[in-house]
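Novice: Would you mind keeping the following structure in view while I ask a few things?
The values are calculated or read from the model by the stated rules, or taken from the named source; none is laboratory data. Because the structure is a prediction, the values reported are computed rather than measured. Quick reminder, even Gly has a Cβ in these numbers, built from the backbone with ideal geometry, and neighbours come from all protein chains shown.
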Ligand SMILES: Nc1ncnc2c1ncn2[C@@H]1O[C@H](COP(=O)(O)OP(=O)(O)O)[C@@H](O)[C@H]1O
Ligand SMILES: [Mg+2]
């Protein structure tokens, strides 16, 4: 009997970890694999000083904080070197800013909107002599005119919409760029989309959802099952999987604006995507179940962390004289290899056939009610508690109805 220990490295999240731990406990897994029986327990990681030679006692980590907290990020790198499996890859996230993502996907033939990187407006931290010798004046209007309004100005890194602004004209552009200080900014052509899609991936499991960025946070994910055509859906799944495998991001989200069936990714460097029940509501059970499948698979099968992201193979495909859809299919072969898709499917079929049913019981239980109550009480003003608790329970009940139909029709 081997007990695998899953560490949860968290910021201020409550609903995702509560549900992950709750469902895992209810499942009470005893998985027999290659002559060994595996059980699981979880632990919430505390941030502490550590000796670089200490031996970690975790087998897997789900990490949700290293994008802003540097001490745990360095701890993660150390324990990965020691052999612990971590979702996501902190090495690639730290070194591949949004900007690298745009460059790499553009090179692979994906329709990244026209994007320029500008020098920081305030370069006073840089070496004055070097600036005088090797920096050049540039014409901001010329660049902007070549892109065309409307466009977005946004940090080359970052997230949470900080510093992102839509620009309609030259006056907007100059005012915003002049105020951008030391932050390095992109100018990016606005995708005047007719549909906006955000997909989550957990390992190779992908869920495309309609997303309305103009609504308040808790209303952005829209319940609409058929908003993508089959061809748009297929491309969305493939692009999201490509991003996951090429960066080693096994818990990520990908945002895409769609115009006339063409997908334009605008933000896909999100290795700590919002997973709260308040945002995901109807889709919340999907993320918890997917995490259980992927993380237990990694632990039970002894999946090794991939330090080498294999970019050369993707770039060789990019250089082939074939059209984009053919390239995408070839990238998918590399993704399938990265995510060990066949082995993963076999694992889920064989070892987790009861997951949906147990999850149905769990998400319709008073324990899930409590998770909703806790989240709403924390996030909404007191006079809205009752209304929003009912609202989220109603969405959960709708999920249960759909899920029940799915489970009973499958039988
Ligand atoms: N090129 C673009 N075209 C259309 N909308 C955009 C574009 N870039 C950003 N946006 C809008 O701004 C929002 C935030 O920008 P995004 O690049 O996603 O930044 P962040 O990483 O901070 O989430 C997006 O969800 C989208 O609504
Ligand atoms: Mg975004």
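Novice: Filter the stretch 154-175 down to the residues that are near ligand 1 (Cβ under 9 Å from one of its atoms) and not in a loop (DSSP other than H, G, I, E, B) and list them by number.
Specialist: Selection gives 154, 155, 165, 166.
Novice: Taking the options 316, 340, name whichever one is crowded, with 17+ Cβ neighbours inside 10 Å and away from ligand 2 (no atom under 16 Å from the Cβ). Walk me through how you get there before you give the answer.
Specialist: Numbers: 316 fails: crowded, with 17+ Cβ neighbours inside 10 Å.
Exactly one residue qualifies, and that residue is 340.
Novice: OK, next. Out of all the residues in the stretch 208-231, is one or more under 12 Å from the mean Cα position of the chain (by Cα), within 12 Å of ligand 1 (Cβ to nearest atom), within 25 Å of residue 190 (Cβ to Cβ) and part of a strand (DSSP E or B)?
Specialist: No, that holds for no residue.
Novice: Pairs under 7 Å by beta carbon, first residue outside the structural domain of residue 181 (by TED's automatic domain parsing) and closer than 16 Å to residue 268 by Cα in the stretch 145-164, partner more than 9 Å from ligand 1 (Cβ to nearest atom) and not in a loop (DSSP other than H, G, I, E, B), six or more apart or different chains?
Specialist: none
Novice: Right, something else. In the stretch 238-274, which residues are touching a residue at least 60 places away in the same chain (Cβ under 8 Å), within 10 Å of the chain's Cα centre (by Cα) and part of a helix (DSSP H, G or I)?
Specialist: Passing the criteria: 243, 244.
Novice: Taking residue 8 as the residue in question, decide whether it is at pLDDT 95 or above, assigned to a loop (DSSP other than H, G, I, E, B) and closer than 30 Å to residue 354 by Cα.
Specialist: no
Novice: Being closer than 22 Å to residue 289 by Cα, touching a helix residue (DSSP H, G or I) at 6+ places or on another chain (Cβ under 7 Å), assigned to a loop (DSSP other than H, G, I, E, B) and more than 14 Å from ligand 1 (Cβ to nearest atom), is that true of even one residue in the stretch 194-201?
Specialist: No, the stretch 194-201 contains no residue that is closer than 22 Å to residue 289 by Cα, touching a helix residue (DSSP H, G or I) at 6+ places or on another chain (Cβ under 7 Å), assigned to a loop (DSSP other than H, G, I, E, B) and more than 14 Å from ligand 1 (Cβ to nearest atom).
Novice: Could you tell me whether residue 102 is at pLDDT below 95, within 16 Å of ligand 1 (Cβ to nearest atom), buried (at least 16 other Cβ atoms within 10 Å of the Cβ) and in a helix (DSSP H, G or I)?
Specialist: Working: at pLDDT below 95: no; within 16 Å of ligand 1 (Cβ to nearest atom): yes; buried (at least 16 other Cβ atoms within 10 Å of the Cβ): yes; in a helix (DSSP H, G or I): yes.
Considered against the rule, which asks whether it is at pLDDT below 95, within 16 Å of ligand 1 (Cβ to nearest atom), buried (at least 16 other Cβ atoms within 10 Å of the Cβ) and in a helix (DSSP H, G or I), residue 102 comes out as no.
Novice: Would you mention how many residues in the stretch 214-235 are surrounded by fewer than 16 Cβ atoms within 10 Å (Cβ to Cβ), within 17 Å of residue 267 (Cα to Cα) and touching a residue at least 24 places away in the same chain (Cβ under 8 Å)? Let's see the steps before the verdict.
Specialist: Filtering the stretch 214-235 down to residues surrounded by fewer than 16 Cβ atoms within 10 Å (Cβ to Cβ) leaves 214-217, 219, 222-226, 229-231, 234.
Those still in the list that are within 17 Å of residue 267 (Cα to Cα) too: 214, 217.
Keeping just the survivors that are touching a residue at least 24 places away in the same chain (Cβ under 8 Å) gives 217.
Residues flagged as surrounded by fewer than 16 Cβ atoms within 10 Å (Cβ to Cβ), within 17 Å of residue 267 (Cα to Cα) and touching a residue at least 24 places away in the same chain (Cβ under 8 Å) within the stretch 214-235 amount to 1.
So that you can scan it fast, the table gives a plain yes or no per residue for (1) more than 18 Å from residue 300 (Cβ to Cβ); (2) surrounded by fewer than 14 Cβ atoms within 10 Å (Cβ to Cβ); (3) in contact (Cβ under 8 Å) with a residue 40 or more places away in the chain:
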site	(1), (2), (3)
40	no, no, yes
45	yes, no, no
56	yes, no, no
82	yes, yes, no
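Novice: Does residue 379 meet the test of being surrounded by 12 or more Cβ atoms within 10 Å (Cβ to Cβ), at pLDDT below 95 and outside the structural domain of residue 204 (by TED's automatic domain parsing)? Show your work before the answer.
Specialist: Details: surrounded by 12 or more Cβ atoms within 10 Å (Cβ to Cβ): yes; at pLDDT below 95: yes; outside the structural domain of residue 204 (by TED's automatic domain parsing): yes.
Yes; evaluated as a whole, the condition is true for this residue.
Novice: Can you find even one residue in the stretch 131-152 that is within 11 Å of ligand 1 (Cβ to nearest atom) and under 30 Å from residue 308 (Cβ atoms)? Steps first, please.
Specialist: Within the stretch 131-152, the first condition is being within 11 Å of ligand 1 (Cβ to nearest atom), and the residues that meet it are 147, 150-152.
Then drop every residue that is not under 30 Å from residue 308 (Cβ atoms), which leaves none.
No, because not a single residue in the stretch 131-152 is within 11 Å of ligand 1 (Cβ to nearest atom) and under 30 Å from residue 308 (Cβ atoms).
Novice: Right, something else. Here is a list: 344, 307, 388. Which entry is under 23 Å from the mean Cα position of the chain (by Cα) and at pLDDT 95 or above? Even if it seems obvious, please write down each step before you answer.
Specialist: Numbers: 307 fails: at pLDDT 95 or above; 388 fails: under 23 Å from the mean Cα position of the chain (by Cα).
The conditions single out 344.
Novice: While we're looking at this one, here's another question. Which condition breaks for residue 299 when tested against (1) out of contact with any strand residue (DSSP E or B) (no Cβ under 6 Å at 6 or more places or on another chain); (2) within 16 Å of residue 5 (Cβ to Cβ)?
Specialist: Failing condition for residue 299: (1).
Novice: Pairs needed: first member in the stretch 171-196, at positive phi; second member anywhere, more than 12 Å from ligand 1 (Cβ to nearest atom); C-beta distance under 8 Å; at least 6 residues apart or different chains.
Specialist: Note: pairs meeting the criteria are 181/120; 181/121; 181/122.
Novice: Suppose the filter is within 14 Å of ligand 1 (Cβ to nearest atom) and touching a strand residue (DSSP E or B) at 6+ places or on another chain (Cβ under 7 Å); does residue 274 pass it? Working first, answer last.
Specialist: Numbers: within 14 Å of ligand 1 (Cβ to nearest atom): yes; touching a strand residue (DSSP E or B) at 6+ places or on another chain (Cβ under 7 Å): no.
Spelling it out, it is not the case that residue 274 is within 14 Å of ligand 1 (Cβ to nearest atom) and touching a strand residue (DSSP E or B) at 6+ places or on another chain (Cβ under 7 Å).
Novice: Within the stretch 236-247, identify whether any single residue is within 13 Å of ligand 1 (Cβ to nearest atom) and surrounded by 23 or more Cβ atoms within 10 Å (Cβ to Cβ), and answer yes or no.
Specialist: No.
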